[in-house]
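Report on the structure given below.
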Amino acid sequence: MKSCSEGEMEKIERNDDELLTIHLKPGEIYISDKPTIVSTILGSCVSITMFCSRFGIGGICHCILPSPRDMKPRISVFFKEYAYVDYTIKTMLKKFETLGIKYHEIEAKIFGGSTMNYPDNMDNNVITVGRQNINTARRILEDEGVRLAAYDLGGTSGRKIIFYTHTGRILLKRTKH
C-alpha cells in the first residue's frame with residue numbers, strides 16, 4: 001500500500017488510462033478477473049478489498065453500515081444490498097469460493113471507518129458507526145479464516161483509495177479533515 005500526494009495520485013491515474021476505470025459508490029461491490037482500477041472515497045464507511053494472486057482476481061466493496069440488525073429502527077432504512085459490512089463480506093467470500101478460491105488464498109485489506117463528524121476531543125469509548133464498521137469487518141474476516149494483509153482505519157479524516165483488481169495493489173490518499 002502506498003500513500004500518495006494529490007499530484008502523485010493524478011499522475012498515476014493518467015498513466016493508467018488504458019485500464020478500465022470504475023468509481024465505486026456506497027453500497028456497491030465489484031469483483032473481476034479483468035484488469036480494472038476501482039476508486040472510492042470513504043468517511044465512516046469501509047471498503048474491504050480481496051485478492052487472490054493464483055487467479056489474479058480482485059474484489060472491493062463500499063459498505064455504509066455494519067449490519068441491518070445492529071441499527072436502530074429509525075436509522076435502519078433500506079439501502080442497497082451491499083450497504084452492510086456483514087452481508088457484503090460473506091457475499092464476496094461466497095463469490096470467490098464459486099471461482100475455486102479457498103479462503104486461505106485470499107488477501108484482504110480494510111480501509112475507512114473514520115469519525116469525521118465528531119469533535120476531536122470525543123471520548124474514545126464512544127462506539128461510532130465507523131468503529132462498528134471496522135469491528136464487524138475484522139470479526140467476520142477472522143471468523144472466516146481470511147488473512148488481513150493491510151489496513152488503514154479510524155482517525156478523523158477521509159480516504160480516497162485506488163484498487164487494482166489484477167494485482168491487489170492499493171493507493172491511498174487521506175482527505176482533509
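The values are calculated or read from the model by the stated rules, or taken from the named source; none is laboratory data. These numbers were taken from a predicted model, which means no experiment stands behind them. All Cβ positions, glycine included, derive from the backbone under ideal geometry; neighbour counts span all protein chains shown.
Observations on the model:
- Annotation: of all residues in the stretch 87-104 being modelled with pLDDT of 95 or more and under 19 Å from residue 46 (Cα atoms), the one that is surrounded by the most Cβ atoms within 10 Å (Cβ to Cβ) is 89.
- The stretch 138-177, subset of a type in the set (A, V, I, L, M, F, W, C) and in contact with a Leu (Cβ under 9 Å, 6 or more places away or on another chain), residue surrounded by the most Cβ atoms within 10 Å (Cβ to Cβ): 163
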